[in-house]
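Notes to accompany the following structure.
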Amino acid sequence: MLQLRSKETLDHGDRGWLKARHHFVVSAEGNPANSPLGPLVVWNDDEIAPGTGFGRHSHADMEIVTYVRQGAVTHEDSAGNVGRTVAGDVQVMSAGTGISHSEHNRDEDPLKLFQIWLLPRHRGGDPKSAETLLIRADARILGATLLAGTTLIHAPSARLRHAYLAPAQGVVLVNGQRVAVGDGIAAIDEPELTITAVEDAEFILVDAA
């Protein structure tokens, strides 16, 4: 089963410095059709203004993956990690028993990113943060770039029955359904996904149990 989540159906917010669209419902007032997929519970599409960002705040028992689409994000956390992640790169945080962190746009241009949250297999564990880190969730996160007219066939493993795809750039067809930047598409128990680039495209795909 495929469910197209067009940008018009996504919950959104505008704080001035932060413009966000939520591919998964985040409040009781949100769109109930955009429900979690197994351990995949959050997928935010954020645009953060220059010189602003999220101050120090805490998380626990969550795997958080940040994919930078444009600009760069500066990350600092209570484990002593400080880093700058640029467009096309990934930053991973396993919150474990608890970690506090901040994320800021220190550059002069808007920062655009996907932030993806997954429930871990087990609660607890040592908090960790890095650009390359195994996530402690029954899921895998993939990314690809396709030239216009190129097709990729993705076959998730039998134990990962959910999938979610969102373009970071361009437009793709997923089993014939058009998915553009700002949209996402959920797949449940699909044996394979045929992904064709309508124009040069980049996308992130998450398989989840």
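Nothing in this text is a laboratory measurement; each read-out follows from the coordinates by a stated rule. Here the structure is a predicted model, which means the values were calculated and not measured. All Cβ positions, glycine included, derive from the backbone under ideal geometry; neighbour counts span all protein chains shown.
Label-point separation (nm) for residue 132 and residue 86, each offset 7 Å from Cα along Cα-to-Cβ?
Simple spin-label model gives 1.8 nm for this pair.
Straight-line reach from residue 7: which aspartates and glutamates fall under 12 Å, measuring Cα to Cα and dropping same-chain residues less than 8 apart?
Within the straight-line limit of under 12 Å, residue 7 reaches these aspartates and glutamates: 45, 183.
Around residue 10, what is the net charge, scoring Lys/Arg as +1 and Asp/Glu as -1 over all other residues with Cβ under 9 Å from its Cβ?
So the environment of residue 10 carries a net charge of -1.
Between the stretch 107-127 and the stretch 59-87, what is the separation of their alpha carbon centroids in Å?
The stretch 107-127 and the stretch 59-87 have Cα centres separated by 7 Å.
Please state the relative contact order of the stretch 106-197 as a whole percent: Cα pairs under 8 Å, 6+ residues apart?
27
Please work out how much length the chain gains when fully extended from residue 148 to residue 31, using 0.36 nm per residue of separation minus the C-alpha to C-alpha distance, in nm with one decimal.
Result for the pair: 38.9 nm of gain on full extension.
Among the aspartates and glutamates, which have Cα under 17 Å from the Cα of residue 128 when same-chain residues fewer than 8 positions away are ignored?
Of all the aspartates and glutamates, those that pass the test against residue 128 - Cα under 17 Å, at least 8 places apart if same chain - are 61, 63, 76, 77, 103.
Determine the relative contact order of the stretch 1-157: mean sequence separation of Cα pairs under 8 Å and six or more apart, normalised by residue count, in whole percent.
23
Report the one residue of 129, 147, 38 whose Cα lies farthest in the direction of the positive end of the charge dipole of the chain (charges on C-beta: Lys and Arg +1, Asp and Glu -1; origin at the Cα centre).
Positive-most Cα among the choices belongs to 38.
Which whole number of Å³ per residue matches the convex hull of the alpha-carbon atoms in the chain?
In the chain, the Cα convex hull volume per residue is 114 Å³.
Per the Debye formula with a single identical scatterer at each Cα and no solvent contribution, what log10 I(q)/I(0) holds for the stretch 82-141 at q = 0.17, 0.25 Å⁻¹?
Rounded to two decimals, the profile gives -0.65, -1.22.
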